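Structure, as structure tokens:
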Amino acid sequence: MANQSARGPERPLSPHVQIYRWPVTMGMSILHRVTGFGLALGSLVLAWWLVAAAMGPDAYDTFQAVAYHWFGRFVLFGFTLALVFHMMNGVRHLFWDMGYGFAVPTATRAGIVIYVATIVVTWAIWMIAYSAMGKL
């Protein structure tokens, strides 16, 4: 039972995490911000790649050694995932800017489609890359 204060019953609390169900659009918004920050950090890796390529074979070999390591591939996979999600969610925002897709069922369906399409497109990009390297 709720605690009683000197002024009467306390106001109700916000819904607890175990009770409240996040709407898909809320998760999309949060993930869009997180991936935007990840893309900013990933731009540093991209800059390192470009600088290493410009500096010559030794610097590029160092970059490749890091990028081909399992952790380097994990970071690059995360960068690809963030890039694809951020781009697709940005397109959804463009449609919103034009006034389309505001109905809750439509926004929810679009969010789920973007989640699934992000995984499929990221997987396809990596399969094409591995195929181009002759690793498949």
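Values in this text are rule-based calculations from the coordinates and carry no lab data. For clarity, every value in this text was computed on a predicted model and none was experimentally measured. Cβ atoms come from the backbone with ideal geometry, glycine included; neighbour counts cover every protein chain shown.
Modelled spin labels at residue 45 and residue 59, positioned 7 Å past Cα toward Cβ, are 2.0 nm from each other. In this rough spin-label picture, where each label sits 7 Å from Cα along the Cβ direction, the residue 87-residue 34 distance is 2.1 nm. From the largest down, the stretch 62-136 spans 49, 23, 17 angstrom on the principal axes of its Cα atoms.
Candidate values (i) 13, 47, 32, 8, 0; (ii) 11, 34, 23, 11, 9, 7, 4, 1; (iii) 10, 27, 25, 17, 12, 5, 3, 1 were compared with P(r) over Cα pairs in 10 Å bins from 0, in percent computed on the shown model; the agreeing label is (iii).
Classification of the stretch 47-91 by its C-alpha gyration tensor yields an oblate form. The axis ratio a/c (a ≥ b ≥ c) is 1.5 or more, and b/c is at least a/b. Across the chain, Cα pairs under 8 Å and at least six residues apart give a relative contact order of 26 percent. Relative to the dominant Cα principal axis of the chain, helix 104-132 is inclined by about 20°. Residues of the stretch 75-95 with an amide N closer than 15 Å to a point placed 7 Å from the Cα of residue 116 along the Cα-to-Cβ direction: none.
Counted without the sites themselves, the longest stretch of the chain free of trypsin sites (Lys or Arg not before Pro) in a DSSP loop having at most 13 other beta carbon atoms within 10 Å is 22-134.
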